[in-house]
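Any read-out appearing in this document is the output of simple, stated calculations on the displayed coordinates, not a laboratory observation. Everything numeric in this text was worked out from a predicted model, so none of it was measured. As a convention, Cβ positions derive from the backbone with ideal geometry for all residues, glycine included, and neighbour counts pool all protein chains shown.
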Amino acid sequence: MTEHSLWRFSRALHRAINERQFDELEALIDDDVQWAIYGPIDMFPFFGARHGRAAVLEVCRRIADNVRVHRSERESIMLGVDSAASMMRYSLTALDSNKPISLRLAQFAQFKGGRLVSLRVIVDTFDLVEQTLGRPIHLPKIA
């Protein structure tokens, strides 16, 4: 039995972010990859949709410029032959402020021939924005 593509991709992504080693990650991304991280693009410019390996690697470099990954935990995961869906918790540090960040997200990945062809990430942005601002967000009460 061979290792699932998600495990190789996850290790390479963490190495790219924490150690700025992008060669292994580049080899695991399809030329025509579709990539999207859903969240407030005005606060986090590396969120949003990207197309193509070069654009995705640039996003990964921008993420590496902003955070360091300390820990990741999979809360749940479903693996298919060439797909994966998971709920994740990350412990990060913002590099500019040395502030800890706790992040929860869902990711949906598709692979072809061991390479990532599609990634969709949905971030718990309400909590992330509160942590970034350093204060709670007060929303109007809805009856």
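With the requirement that a residue be touching a strand residue (DSSP E or B) at 6+ places or on another chain (Cβ under 8 Å) and crowded, with 18+ Cβ neighbours inside 10 Å, what does segment 1-15 give you?
Those that are touching a strand residue (DSSP E or B) at 6+ places or on another chain (Cβ under 8 Å) and crowded, with 18+ Cβ neighbours inside 10 Å: 4, 5, 6, 9, 10.
Selection of segment 101-124 for residues being surrounded by 18 or more Cβ atoms within 10 Å (Cβ to Cβ), under 21 Å from residue 89 (Cβ atoms) and either touching a residue at least 60 places away in the same chain (Cβ under 8 Å) or not aliphatic (A, V, I, L, M) (or both) yields 107, 109, 119, 123. Considering only segment 16-55, state which residues are part of a strand (DSSP E or B) and buried (at least 18 other Cβ atoms within 10 Å of the Cβ). 29, 30, 33, 35, 37, 50 - these are the residues of segment 16-55 that are part of a strand (DSSP E or B) and buried (at least 18 other Cβ atoms within 10 Å of the Cβ). Pairs are defined by a Cβ separation below 7 Å, a sequence spacing of at least 6 or placement on different chains, a first member in segment 49-64 that is more than 11 Å from residue 35 (Cβ to Cβ), and a second member that is surrounded by fewer than 20 Cβ atoms within 10 Å (Cβ to Cβ) and basic (Lys, Arg); the pairs so defined are 64/20. Restricted to segment 56-83, and to residues that are over 14 Å from the mean Cα position of the chain (by Cα) and assigned to a strand (DSSP E or B), which residue is nearest to residue 130 (Cα to Cα)? So, considering only residues that are over 14 Å from the mean Cα position of the chain (by Cα) and assigned to a strand (DSSP E or B), the one nearest to residue 130 (Cα to Cα) is 75.
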